[in-house]
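One structure is given below, encoded as C-alpha cells.
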Amino acid sequence: MRRLVFLIADTGGGHRAAATAVERQMAAALPGEFEITMLDPFTSAKHRVIGGTAGLYGPITRHARWLWGGLYHSTNSRAAVALLERTVLRSVTSAVTEAIEQIDPDCLVSFHPLLNHISVRAVRSRARRIPVITVITDLVDIHVAWICPDVDAVVVPSPGGLDHCRRAGIPAPRCFDFGLAVDRRFTELPSDPAGIAAIRERLGLRAESFVVLVCGGADGSGGLVNHARAIAAGPPDVDVVVICGRNERARSALAGLHTRTGRPVRVLGYVNNMPEWMRASDVVVSKAGPGTIAEALCCGLPLLLVWYLPGQERGNVEWVVDIGAGRYVPRDEQLVDAIAELSAPGSETLATMRAAVKAAARPDATRRIAALIASMSERAT
C-alpha cells in the first residue's frame, strides 16, 4: 500500500473539498492501494497566530472583503511569500517536516498555495526521493504562492491558469491542464429528465417548477439574505432553495420566508448532498468561488454570480461571462431581472447558457488528477 499525504488548510471549503474529491476517487478506482493522510499543518502549527488564521477566513470574507483583498495583493509577490516562509510560516514548515518523517510518504500533494515551497524543502532534505505535486484550487487568477518551479507536477485549472504557470517558468512537461477536482457525485448523478424528476421528488421539489439555488460556499457568504428575499419577491413561478452553509445568522434571518411571502422557499444550513440540490436546480445564484463554478458546470447549471472575493475570484467572473455560462448580477434588481428572463417558458437565453455550460464542463478532472498522483507515487525511490 502506497502512502500519500494531502496538504490542505481550512481557509474556505475549497482546498479540503478538492483533496477529499481526489481521495474518494482514488478509493473508488484503486481500492486498497493507497493510505492517504489528510494534513492541515496550520492547525497543528505551534505559532498561535497561524493556528487561529483559518477560523478568520469566514468572518473576513463575509464582513471585510476589502481586508481580504488587501491581504491577497500585499502578499502576491515572490518577496512577500519568501518573507512569510521565513517568519510566521516557520512553524508550518516544522509541522510538514514532522509529518513527512513520521509517515514517509510515496508522494506529497499540496492543495494550498502557502504549502508548495514548504513541501519541496521538506522532502528534499530526505535521503529518499519523494515526488511533490501541486493541485491548484483557484480557477483563473493564480496567486504567486502557487508557483513553485521545483515541484514535480502542477495541475492547473484552466487554460488561463496554464498560461500563468508557463509564463512563471514552470516547464510544459510538468504542467497538466486537467481542471478543478470536484466530488464524483457531481458527475455521476443522472442528467436525463426522468433522473432529475426522481431527484426532485426525493428532495421535495415540484417536478415542473423553475428552481433557483442560492448559496455562498461553505461559509455562506455573499449577502444570502438580501438575495433570497429579492428572489422570493420576484417572478411568481419560481421555487427558491437557499443553502446557508455554516452561516447560522443568515439561516435564522430567512426562517419563515416561505410563510411571509407565500412562495415556495426552502432554507437549509450546511448540507452533505449538494450534488443533488445542484442537479435538481435550473440556475445557481452564488459568489464566484472556483469550487461552486466547477461543480455547477459539471451539473449543467448556469450561473448568476452576485459577488466575488477581490484577488483570486475577480477573473472567475470575467471567465464565466466570457464563455457564456452565466452573468454577473451584483444588484438585486439585476438578479431578479435575469431570473425572470431565464425562467420564461422556452427561454432561448437559458438554452444558450446550458450549451455553454456543457462545453466548459470538465467532468473527468478528478479522475485525471487521481491517475496522475497514482502514477507519480510509483516514482518514489
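Values quoted throughout were computed directly from the atomic coordinates according to the rules given, and no laboratory measurement underlies them. This is a predicted model, so every value here is computed, not measured. Cβ atoms come from the backbone with ideal geometry, glycine included; neighbour counts cover every protein chain shown.
What is the chain's relative contact order, in percent, from Cα pairs under 8 angstrom and six or more apart in sequence?
Relative contact order, the chain: 18 percent.
Could you give each residue of segment 82-90 its phi-based ³J(HN,Hα) in whole Hz, using Karplus coefficients 6.51, -1.76, 1.60 with θ = phi - 60°, and x for Gly or Pro?
So the Karplus estimates, Gly and Pro as x, are 4, 5, 4, 5, 7, 10, 5, 8, 4 Hz.
Could you line up 146, 66, 319 from fewest to most neighbouring Cβ atoms inside 10 Å? Could you put the intermediate results ahead of the total?
Numbers: 146 25, 66 10, 319 21.
Listed from fewest to most nearby Cβ atoms, that is 66, 319, 146.
Dividing the convex hull volume of the Cα atoms of segment 268-311 by its residue count, what figure in Å³ per residue is obtained?
86 Å³
Taking the Cβ of residue 265 as the centre, find all other residues whose Cβ is under 14 Å away and add up their charges (Lys, Arg: +1; Asp, Glu: -1).
+4
With springs only between Cα atoms under 10 Å apart, run a GNM on the chain and tell me which of 312, 334, 25 wobbles the most.
334
Near residue 349, within a Cβ-to-Cβ distance under 14 Å, what is the net charge of the other residues, with Lys and Arg +1 and Asp and Glu -1?
Overall, the nearby charge balance is -2.
Please list, by residue number, every one of the trypsin sites (Lys or Arg not before Pro) in segment 280-381 that is coil in DSSP and has at most 15 other beta-carbon atoms within 10 Å.
Loop-located and lightly packed - 331, 379.
Taking amide hydrogens as modeled 1.01 Å from N in the peptide plane, which residues meet the under 5 Å criterion relative to residue 266, leaving out close sequence neighbours?
Distant-sequence amide H within range of residue 266: 240, 241, 242.
Give a residue-ordered list of calculated ³J(HN,Hα) values for segment 202-207 (Karplus: 6.51 cos²θ - 1.76 cosθ + 1.60, θ = phi - 60°; whole Hz; x for Gly, Pro).
With coefficients 6.51, -1.76 and 1.60, one gets 4, 8, x, 9, 5, 5 Hz.
Determine ³J(HN,Hα), in whole Hz, for all residues of segment 234-240 in sequence, where each value follows from phi through the Karplus function 6.51 cos²θ - 1.76 cosθ + 1.60 and θ = phi - 60°; x replaces Gly and Pro.
Values per residue, Gly and Pro as x: x, x, x, 9, 10, 9, 10 Hz.
Could you tally the net charge around residue 16, taking each other residue with its Cβ under 11 Å from the Cβ of residue 16, Lys/Arg +1 and Asp/Glu -1? If you can, show how the numbers build up before the last one.
Details: positive: none; negative: 10, 23, 40.
It works out to a net charge of -3.
What number, rounded to the nearest 500 deg cm²/dmol, is the helix-based mean residue ellipticity at 222 nm of the chain, given -39500 (n - 2.57) per DSSP H run of at least four residues and division by all its residues?
Helix contribution divided over all residues of the chain: -13500 deg cm²/dmol.
Expressed as a whole number of Å, what is the distance separating the alpha-carbon centroids of segment 232-297 and segment 75-150?
Value for the Cα centre distance between the two parts: 36 Å.
Taking H placed 1.01 Å from N in the peptide plane, check which residues at least 5 places from residue 37 or on another chain put their amide H under 5 Å from its amide H.
Amide H neighbours of residue 37, under 5 Å, 5+ apart: 4, 5, 6.
What shape does the chain have by the C-alpha gyration tensor, where a ≥ b ≥ c are the square roots of the eigenvalues, rounded means a/c under 1.5, and otherwise prolate means a/b greater than b/c and oblate the rest?
Taking the square roots of the gyration eigenvalues as a ≥ b ≥ c, the chain is prolate.
Most mobile of 292, 187, 37 per a Gaussian network model of the chain (Cα springs, under 10 Å)?
Highest fluctuation of the listed residues: 37.
Could you identify which residue out of 105, 275, 345 has the top mean-square fluctuation in a GNM of the chain using Cα springs shorter than 10 Å?
345
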